[in-house]
Amino acid sequence: MDERIMSTLSEYPGYKVVQDLGIIWAFDKNFQMLRNLWQMDESMERVYELLWEKAQKKGANAVLGISMCLGPERALPILMGTAVVLEKED
């Protein structure tokens, strides 16, 4: 599978989960909410990239169930999801 699948869905249409590799999370440690609110899009893109990198290191080809929360310290946006191996359904 060559495409990058990152979704808030717990299942992905046309694919089946063949291996659950566990929960992963990522955050941009350089993000400062009050100073950089206008840079939120850039920061979130970095966090998505970090999340994807963590998934790949675990051997995943997708991240499902992605959600966001704000961490207690400096209100850091944290993305969480489940690293999985997906296989195309027949």
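The values are calculated or read from the model by the stated rules, or taken from the named source; none is laboratory data. Please read these numbers as outputs of a predicted model, since none were measured by experiment. Note that we place each Cβ from the backbone using ideal geometry, even for glycine, and neighbour counts take in every protein chain shown.
Descriptive notes on the structure:
- Contact map, segment 38-54: residues that are within 13 Å of ALA83 (Cα to Cα) paired with residues that are at pLDDT below 85, Cβ distance under 9 Å, separation 6+ or inter-chain. Pairs shown: LEU50/ASP28.
- Qualifying residues in segment 59-86 (those that are at pLDDT 95 or above and over 13 Å from the mean Cα position of the chain (by Cα)) - the one surrounded by the fewest Cβ atoms within 10 Å (Cβ to Cβ): GLY59
- Hits in segment 55-90 - residues which are touching a residue at least 60 places away in the same chain (Cβ under 8 Å) and under 18 Å from PHE27 (Cβ atoms): ILE66, GLY81, THR82, ALA83
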